[in-house]
Amino acid sequence: MSIEVKDLSFRYGRITALDGVSMKLEEGAVGLLGPNGAGKSTLLRILLGFLVPERGEGKVLGYDIRREQALIRRAVGYMPESDCFIAGMDAVTFTSYFGELSGMPRQEAMKRAHEVLYYVGLGEARYRLLDTYSAGMKQRLKLAQALVHDPKILFLDEPTSNLDPTGRVEILELIRDISSNKSIQVLLSSHILDDIEALCESVVILKQGRLAAEGRMADLRAIHYSLYEVRIKGDGGPFREDLEGLGARVDETADGLVKIYMPEGGDRMDIFRAAVRAGVQLRSFVKSRTSLEDLFAGVVGVD
Ligand code: ADP
């Protein structure tokens, strides 16, 4: 097991960021999914030893997160969400500096810096000042500094943030290449389900500092419930309560579409009967494909 944590809790002052999270991560690319504020970055920082948990324990590659932080940082590459650039530096100097921080001798760090910059597509721009880099180039540079010391695991925190569609596809392709060809395990944190679906074999979903769901993508896609989308005329309150009494989850979007997640065993007739009981008219009725996106919405709640 590459990463294992038990009962992890962390607070920033009065804000609880993690609340009793336990999990064991499988081999292969793992997604850490959750809306903004769910605690993903905090979890990564605890795993790296940058933050000390208030409660709980954990291991990364067998190293203890409280006592063996230096060993963890040598074995893990970290691409933070926020920029970590030093003004007035060029990419080679910056990347080799991070190699040295991870314990590499200077010459080796410099040699590797050139290699990884070519690998992420910044070979031609490696002597340019970072201040002149575009958003896409900056993301690739952050990836290069995370790879320079040849880590066994890569932690990527929102790697596609601030990117245009082309930049996003490019960075996702690089990450896919790393995880499939370079025998580096990837832990990808994102609030974007598409990114996780594109790259990961399993996923851990966090919500408000707690574990909301976890499993292999293939299994989660197969979770059984049925999603119906309806529009109604009349008072939606009693209709909703009736359905919730049957174990359904009901979400209403801003434009009045009512999404009904019926549990296994429930069907459309239950919805028709609930409408009759509540005295509302169904104006339209569509059964939607149940996808992981629906599951994510169902677990995490629709904003
Ligand atoms: P995510 O990465 O999923 O967006 P974070 O781990 O960044 O979530 O944040 C979890 C919670 O902790 C949020 O409520 C956030 O506002 C809070 N938080 C994060 N960093 C700080 C900080 N440095 N000081 C105070 N609160 C913080």
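The values are calculated or read from the model by the stated rules, or taken from the named source; none is laboratory data. In this text the structure is predicted, and so the values were computed from the model without any measurement. Positions of Cβ are backbone-derived with ideal geometry, glycine not excepted, and every protein chain shown enters the neighbour counts. Ligands, DNA and RNA are excluded from the accessible area calculation, which covers all protein heavy atoms including side chains. Shrake-Rupley method; radii C 1.70, N 1.55, O 1.52, S 1.80 Å.
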So, taking all protein chains as they sit and a 1.4 Å probe, how much accessible area belongs to Ser161, in Å² rounded to tens? 30 Å²
Please compute the modelled spin-label separation between Gln281 and Glu229, points set 7 Å along Cα→Cβ, answer in nm with one decimal. 2.2 nm
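If you stretched the chain out fully between Thr16 and Ile192, how much longer would it get, using 0.36 nm times the residue separation minus the C-alpha to C-alpha distance?
Details: separation 176, 0.36 × 176 = 63.36 nm, distance 2.27 nm.
My answer for the length gained is 61.1 nm.
So if each residue of separation counts as 0.36 nm, and I subtract the Cα-Cα distance between Asp7 and Val52, what length gain in nm does that give? Working shown, then result.
Numbers: separation 45, 0.36 × 45 = 16.20 nm, distance 1.32 nm.
Once the chain is fully extended between Asp7 and Val52, it gains 14.9 nm.
When ligands, DNA and RNA are left out and all protein chains stay put, how many square angstrom of accessible area per residue does the chain have with a 1.4 Å probe? Please report the intermediate quantities before stating the final value.
Details: 14810 Å² over 303 residues.
Here the residues of the chain average 49 Å² of exposed surface.
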Which value results when the Cα radius of gyration for the chain is divided by 2.2 N^0.38 Å? 1.18
Report, to the nearest whole %, how much of the accessible area of segment 224-300 belongs to carbon and sulfur atoms, 1.4 Å probe, protein only. 47 percent
Using the alpha-carbon atoms, what tilt in degrees (0 to 90, nearest 10) does helix 135-147 show relative to the longest principal axis of the chain? 70 degrees
For labels at Tyr118 and Ala254 in the simple 7 Å Cα→Cβ model, what's the distance in nm? 4.9 nm
Report the label-to-label distance for Met89 and Ala218 in nanometres (one decimal), using points 7 Å from each Cα along the Cα→Cβ vector. 4.2 nm
Distance from the Cα centre of segment 13-28 to that of segment 119-172, in angstrom? 27 Å
With a 1.4 Å probe and all protein chains left in place, how much of the accessible area of segment 43-150 comes from carbon and sulfur atoms, in whole percent? 51 percent
Coordinate range along principal axes, alpha carbons of segment 27-184, Å, largest first: 46, 37, 32
Can you give the charge dipole size of segment 224-300 about its Cα centre, rounded to the nearest 20 debye, using +1 on the beta carbon of Lys and Arg and -1 on the beta carbon of Asp and Glu? 300 debye
